[in-house]
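Just below is one structure, and these are the notes that go with it.
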Amino acid sequence: MRIAIASDHAATELKSKLAEWLMELGHEVADLGPNSTDSVDYPDYGYKLANVVADGTAERGIALCGSGIGISISVNRHPLVRCALVSEPLSAALAREHNDANCIAMGARLTGIDMAKACVTAFLETDFAGGRHQRRVDKLSHYGAGNFR
């Protein structure tokens, strides 16, 4: 599978470990940066990740920052990307099964490497259930489909 991974400065170590592990498993991994702990703005990397997932360059995306919150918000700005903030494998699996998430986000300050690997495994191995979930997912990509009154 083609997987893109991006982070902010707080999550470069977790990003590097996950990228290496994913390559060992045989996945094609695009590390979108950053490559140091120098301070960066998570939206820049979240937008970059969203673009490569939306255009099909990557099939799935993994977004990381200190808490996972900020980068997940930035990734979700793209209408063709559904990024779920996950902290354990069940939420990662449900994000795929019910929401057809094509990205997950995690917090490097909150999630250890073993739990992060378990989340990624669940995310990659779970299929979208479709059916009753499809119409809901379709609405996520079309702002006008929502009722915001």
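Read-outs: derived from the displayed coordinates by stated rules, not from any lab. Nothing here was measured: the structure is a model prediction, and the numbers come from that model. Every residue, glycine among them, receives a Cβ derived from its backbone with ideal geometry; neighbour counts consider all protein chains shown.
Quick notes
- Members of segment 7-20 found to be surrounded by fewer than 16 Cβ atoms within 10 Å (Cβ to Cβ) and not hydroxyl-bearing (Ser, Thr, Tyr), listed by number: Glu13, Lys17, Glu20
- Scanning segment 92-115 for residues that are touching a strand residue (DSSP E or B) at 6+ places or on another chain (Cβ under 7 Å) and surrounded by fewer than 19 Cβ atoms within 10 Å (Cβ to Cβ) turns up just one, Asn99.
- Only residues that are β-branched (Val, Ile, Thr), within 21 Å of Trp21 (Cα to Cα) and not in a helix (DSSP H, G or I) were counted in segment 75-125, giving 3.
- Within segment 126-143, being acidic (Asp, Glu) and part of a helix (DSSP H, G or I) holds for one residue alone: Asp138.
- Residue selected from segment 10-44 under the condition in a loop (DSSP other than H, G, I, E, B) and of a type in the set (Val, Ile, Thr), by the criterion farthest from the chain's Cα centre (by Cα): Thr37
- Each residue in segment 1-41 was checked for being free of Cβ contacts under 8 Å to residues at least 24 places away in the same chain and among the small types (Gly, Ala, Ser), and 3 pass.
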